[in-house]
1. Note down the magnitude of the dipole of the stretch 412-524 about its Cα centre, charges +1 on Lys and Arg C-beta and -1 on Asp and Glu C-beta and zero elsewhere, to the nearest 20 debye.
2. Taking the Cα-to-Cβ direction at Leu541 and at Thr32 and moving 7 Å from each Cα, how far apart do the two end points lie in nm?
3. Could you tell me the relative contact order of the stretch 307-404? Use alpha-carbon pairs under 8 Å, at least six residues apart, and round to a whole percent.
4. Order these peptides, 371-378, 189-196, by their mean beta-carbon neighbour count within 10 angstrom, highest first.
5. Rank these residues by their accessible area, most exposed first, probe 1.4 Å: Met346, Met166.
6. Of Phe356, Val342, Asn368, which is farthest towards the positive pole of the stretch 307-404's charge dipole, taken about the Cα centre with +1 and -1 on the beta-carbons of Lys, Arg and Asp, Glu respectively?
7. Need the full-extension length gain, Glu374 to Asn398, defined as separation in residues times 0.36 nm minus the C-alpha distance. One decimal, nm.
8. R0 = 30 Å: FRET efficiency of Thr437 with Val307, Cβ-based, nearest 0.05?
Amino acid sequence: KLHSDLDKGVGTVKYTLSGDGAGTVFTIDETTGDIHAIRSLDREEKPFYTLRAQAVDVDTKKPLEPESEFIIKVQDINDNEPKFLDGPYVASVPEMSPVGAYVLQVKATDADDPTYGNSARVVYSILQGQPYFSIDPKTGVIRTALPNMDREVKEQYQVLIQAKDMGGQLGGLAGTTTVNITLTDVNDNPPRFPKSIFHLKVPETSHVGSAIGRIRAVDPDFGKNAEIEYNIVPGDGGNLFDITTDEYTQEGVIKLKKPLDFETKKAYTFKVEASNLHLDHRFHSVGPFKDTATVKINVLDMDEPPVFSKPMYTMEVYEDTPVGTIIGAVTAQDLDAGSSSVRYFMDWKNDVDSYFTIDATEGTIATNELLDRESTAQYNFSVIASKVSNPLLTSKVNVIINVLDVNEFPPEISVPYETSVCENAKPGQVIQTITATDKDLSPAGQRFSFKLSSEASNKPNFTVHDYRNNTAGIETRRNGYSRRQQELYFLPVVIEDSSYPVQSSTNTLTIRVCRCDSDGTIQSCNVEAIFLPVGLSTGALIAILLCIVILLVIVVLYVALRRQKKKDTLMTSKEDIRDNVIHYDDEGGGEEDTQAFDIGALRNPKVIEDNKIRRDIKPDTLRFTRHRPPAEDNTDIRDFINQRLQENDVDPSAPPYDSLATYAYEGNGSVAESLSSIDSLTTEADQDYDYLSDWGPRFKILADMFGEESYNPDKVT
């Protein structure tokens, strides 16, 4: 209520209100000055309002007093309940925790004024979750209320928490939240086998390393606290088996370490121990965290293949052993009850197996071909054994046969076959160390001996010094060597081996004489070095050879120019015969053409008389026949031959045996007469060329040119 001292109660004063909330939240009676709230107030929304009031004259509208300011405070009432802003809550606590173990702290918020009354004083309590947990009424801390809570019994708990204001008094407002509490696992339980004895049946044919069974110990714990390690307790049969842990199922997997044999042992018994890997020292007093069980394994009898007495067979045989010789045997047995007979055969894979045969019943191996160590020193093949009662059951074994050497090759000198000696070498100087090789397989202790051949022992040039360690040295026996006298020496060396029978060979070592310096270093061994002492260097020799080549080129050029000059002189002569040369491309048949011309006509004059016409063609009507006088017997040739025969008969230097003497005598002349045109008729009109047609197709062009065309002087230009 507002009131001015100038207000006499006669209605001359008017009150006005302005400021925060004026007209919307608060209003004033202009006549009395009473202030009223026109709507509900909420302290949590706005705790106070600042207003201004003034008294004004009704008539003049002028303020009667200065404007005054005042504050209206909203007084709190308990109209807000406590709230858990972070709820619901999730918490965990280890199982078997003691009473009072801390779990979680919860907090509720009340929007009321904490400075006025108990509207904002909150008290906590548990509505659900007792007697397992408790809560501090003031702080809201939740703790365990029971000892030894076991996760394996109950793992999840849901606790209902209440927060109430007014200090928990009657009429206070309350809010609730849920807390989900989980008991975490600890290793408080040892592993336990569900039964004390496990029975397993295993075939005797099980492979080594294979799993033959599984056993399992139960641990109610969780995670790493439930990890189990299995071990075989040393005892009967434990060394044949091994056990590992399956990390996914925590089962013990029993594996085979060694092969089983029903005929040797039919059953095995051993103990297996299961224990935790991660122990908690707080629970040692509970007892040992391990358990044991007995495992009994019964071996099942299976039909097995034959078993060889050895895992591999090695045999030896000398090369060139006669075919059919037995060199060894393999043995396999059927170890099953009611033993069956065994048959042997070779595993044919390549041609190598054909060198040997095997007896199907006894298993003896014999040679089938002659062996050569130098060709193949070792044979490797497989032998298969099968049961007669069940041929499908087979086993295989490798057989290695080493071919022993027979001394059949002589030793030979190793490279190099050529060495050198200095011209200034001294007697006793070693110029080369030689060794020997033998194609035979040299046994341990094989020794080679070296010596000079008998024909070289008397020559005073070189000698061989055997070092008795399969090497020898070539030593000089002269004081200096000369290349001009002898450039190469050939030294025959005899090498013998120590095997039986003794084999030897003679090897020729070539020794070249070389020029060396004073330290024995070879400078040159070629032909050029022989000229070096004369004083001519390599450059001088090259210059001399170059001069000789230049002189030869000059001579060749000079001769060629002279010949060219002669040819030019002949071609420029006044008697130019180029117009009389007729070119044609007909060629004779050569020396092998015996049908084109009878060469005997040149040798026997009588043949010419009898065979005047060509034998290889059929001539036309003869236009002109050349008459020749009959040839007389060639007495001049006969006389010439008889004269030479007498001279050889009386010649004391002639050989005593028959010999062929060739004479280049042509006789007095040819019955074919001269082919030269020197003695021909002086004019073409005086000659008859019709006989050219008788000479065959090779002279057809000449016959056409000179035989049929009549001579016309007017046409000559």
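The values are calculated or read from the model by the stated rules, or taken from the named source; none is laboratory data. As the structure is a computational prediction, the values presented were derived from the model and not from experiment. Don't worry about glycine lacking a Cβ; one is built from the backbone with ideal geometry, like all the others, and counts go over all protein chains shown. When the accessible area is computed, the model is the full protein with side chains, heavy atoms only, and any ligands, DNA or RNA have been set aside. Shrake-Rupley method; radii C 1.70, N 1.55, O 1.52, S 1.80 Å.
1. Values: 12 positive and 13 negative charges, 81 e Å.
Using Cβ point charges on Lys, Arg, Asp and Glu, the stretch 412-524 gives about 380 debye.
2. Result for the modelled spin labels: 15.5 nm.
3. Details: 216 pairs, mean separation 35.9, N = 98.
Contact order relative to length: 37 percent.
4. Working: 371-378: 14.2, 189-196: 15.8.
My ranking of the peptides, most packed first, is 189-196, 371-378.
5. Working: Met346 10, Met166 50 Å².
Order by accessible area, largest first: Met166, Met346.
6. Working it through, the farthest residue towards the positive pole turns out to be Val342.
7. Details: separation 24, 0.36 × 24 = 8.64 nm, distance 2.29 nm.
Answer, rounded to one decimal: 6.4 nm.
8. Working: r = 46 Å, r/R0 = 1.53.
E between Thr437 and Val307, to the nearest 0.05, is 0.05.
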